[in-house]
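The values are calculated or read from the model by the stated rules, or taken from the named source; none is laboratory data. Given the structure is predicted, the values throughout are model-derived calculations rather than measurements. As a convention, Cβ positions derive from the backbone with ideal geometry for all residues, glycine included, and neighbour counts pool all protein chains shown. Surface accessibility is based on the protein's heavy atoms, side chains included, excluding ligands, DNA and RNA. Shrake-Rupley method; radii C 1.70, N 1.55, O 1.52, S 1.80 Å.
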Amino acid sequence: MGRIGIMVQLLFAAGIVALLPGSLAAAQPAAASADEKKLTDVEQFRGVVRAARAEDISPRFDGLLEKVNFTAGDMVKKGQLLFQLMTLEQQYLLKIDQAKLAHATAQLKLADAELERIRTLHKKDVASPAQLDVAIATRDVAAADQAEAKAEVEKREIIIKEFSLYAPFDGIISKPFVNAGAYITKEARESSRLATVTQFDPIHVETEVPYEIYVRRLKKLGSEEVMTKRLVVRLVLPDGTAYPHQGKIVSGGYAFDEKTQKIWTVAEFPNPDRLLRPGLRVTVRSMIRAELQR
């Protein structure tokens, strides 16, 4: 792992401070759990919960919004239908494309039959080589026409599928920003979205780490490998109860802020009950597990 990866890992060993506006004051000490009493070098700081992932839902084509299949705040599953745009015009065009494909397929059958007839006559020296060449070329043109018609049908079917908008991942959905019956134009698609899906499990906690604590623990642990084995990161909720799931480091900055001499980093926590929500202020406990006995 490069120097940046090592620094980010060591940042959490250094203890964690919330990425909050203005000055960052240390949190008041929270009561240690029974197993935490077995740990050393405990530091605790403020943290703020952020969504791990969010994605806007927008259509690729103009169309009349026919149905909205959710309400604000619903928990949606990946692949769940969210919006349905009216596809009557596209369905009509699909029928035309299918008819063209049927015509091209029939033409190919005729060309195949004619080619077989000419080949038979050619073997009997009744048809000339030139006639055979024309029959082969005609059959090839018919095959190309069928392939093109088939591609048009498949393209139309893809377009129709694009008129149905689905959830990209499990998460909570915002209110719809448009109502059923609205016609979605190119300009509207480029400047806005229909809704936003936000992932809650897992979820992130953004923080900042002071330089002095980072250096102290770097000297104490000595290496990234030791830190990884002995680092423990947990949360305390605003009501003082311990969050039951342990987190892990997923990303961080590569430089210290010139004014604060702190560096930001992000921890990821499981959130199966969706207890953690974006904007929630929490206390982050950073501690070191006692050195393993050999």
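Please verify whether the stretch 219-228 includes one or more residues that are part of a loop (DSSP other than H, G, I, E, B) and either among the aromatic types (F, W, Y) or under 30 Å from the mean Cα position of the chain (by Cα) (or both).
Checked against the condition, which is being part of a loop (DSSP other than H, G, I, E, B) and either among the aromatic types (F, W, Y) or under 30 Å from the mean Cα position of the chain (by Cα) (or both), the stretch 219-228 yields no hits at all.
Give me the pairs: first residue in the stretch 163-181 and over 20 Å from R277 (Cα atoms), second residue at pLDDT below 90 and surrounded by fewer than 14 Cβ atoms within 10 Å (Cβ to Cβ), beta-carbon distance under 7 Å, and six or more apart or on different chains, which are they?
F177/S192
Give just the number: which of (1) under 30 Å from I263 (Cα atoms); (2) among the polar types (S, T, N, Q); (3) part of a loop (DSSP other than H, G, I, E, B) does N179 not satisfy?
(1)
Any idea which of R139, R156 is in a helix (DSSP H, G or I) and within 30 Å of K67 (Cα to Cα)?
Being in a helix (DSSP H, G or I) and within 30 Å of K67 (Cα to Cα) holds for just one of R139, R156, which is R156.
Can you name every residue in the stretch 261-289 that is under 14 Å from D201 (Cβ atoms) and exposed (fewer than 15 other Cβ atoms within 10 Å of the Cβ)? Before you say what the answer is, go through the steps one by one.
We begin by selecting, within the stretch 261-289, every residue under 14 Å from D201 (Cβ atoms); these are 268-278.
Within the stretch 261-289, P272, D273, R274, R277 meet the criteria.
With in a loop (DSSP other than H, G, I, E, B), surrounded by 15 or more Cβ atoms within 10 Å (Cβ to Cβ) and of a type in the set (K, R) as the only criterion, which of R234, R216, R193 stands out?
R193
Being closer than 30 Å to L85 by Cα and either of a type in the set (A, V, I, L, M, F, W, C) or at pLDDT 80 or above (or both) is true for just one of V226, V205, V197. Which residue is that?
V197 is the lone residue from the list that is closer than 30 Å to L85 by Cα and either of a type in the set (A, V, I, L, M, F, W, C) or at pLDDT 80 or above (or both).
Filter the stretch 63-80 for residues that are more than 24 Å from G181 (Cβ to Cβ) and loosely packed, with under 13 Cβ neighbours inside 10 Å; which is nearest to the chain's Cα centre (by Cα)?
K78
Can you tell me which residues in the stretch 249-260 are touching a residue at least 24 places away in the same chain (Cβ under 8 Å) and either open to solvent by 90 Å² or more (accessible area, probe 1.4 Å) or aromatic (F, W, Y) (or both)?
Across the stretch 249-260, the qualifying residues are Y254, F256.
Hey, among the residues in the stretch 138-186 that are at pLDDT 95 or above and polar (S, T, N, Q), which one's surrounded by the fewest Cβ atoms within 10 Å (Cβ to Cβ)?
Filtering first and then ranking leaves T138.
Could you run through the stretch 114-132 and say how many residues are among the β-branched types (V, I, T) and open to solvent by 60 Å² or more (accessible area, probe 1.4 Å)?
Looking only at the stretch 114-132, we keep the residues that are among the β-branched types (V, I, T), and these are 118, 120, 126.
From what is left, the residues that are open to solvent by 60 Å² or more (accessible area, probe 1.4 Å) are 120, 126.
Matching residues across the stretch 114-132 total 2.
Mind listing just one residue for me: the one in the stretch 81-113 that is surrounded by 15 or more Cβ atoms within 10 Å (Cβ to Cβ), at pLDDT below 95 and not hydrophobic (A, V, I, L, M, F, W, C) and, of those, farthest from L194 (Cα to Cα)?
In this case the residue turns out to be Q90.
Search the stretch 105-131 for residues being part of a helix (DSSP H, G or I), of a type in the set (A, V, I, L, M, F, W, C) and in contact with a helix residue (DSSP H, G or I) (Cβ under 6 Å, 6 or more places away or on another chain), and hand back the single one that is farthest from E152 (Cα to Cα).
Keep residues of the stretch 105-131 that are part of a helix (DSSP H, G or I), which gives 105-123, 129-131.
Next, from what is left, pick out any that are of a type in the set (A, V, I, L, M, F, W, C): 106, 108, 110-111, 113, 115, 118, 121, 130.
So of that shortlist, the ones also in contact with a helix residue (DSSP H, G or I) (Cβ under 6 Å, 6 or more places away or on another chain) come out as 108, 111, 115, 118.
Numbers: L108: 17, A111: 21, L115: 26, I118: 31 Å.
In this case the residue turns out to be I118.
What's the number of the condition A255 fails, among (1) over 18 Å from A51 (Cβ atoms); (2) in a strand (DSSP E or B)?
(2)
Test each condition in (1) closer than 30 Å to P59 by Cβ; (2) not in a loop (DSSP other than H, G, I, E, B) for S286 and report the one that comes out false.
The single condition S286 does not satisfy is (1).
Quick one: in the stretch 36-62, which of the residues that are open to solvent by 70 Å² or more (accessible area, probe 1.4 Å) and outside any strand (DSSP E or B) is modelled with the highest pLDDT?
R60
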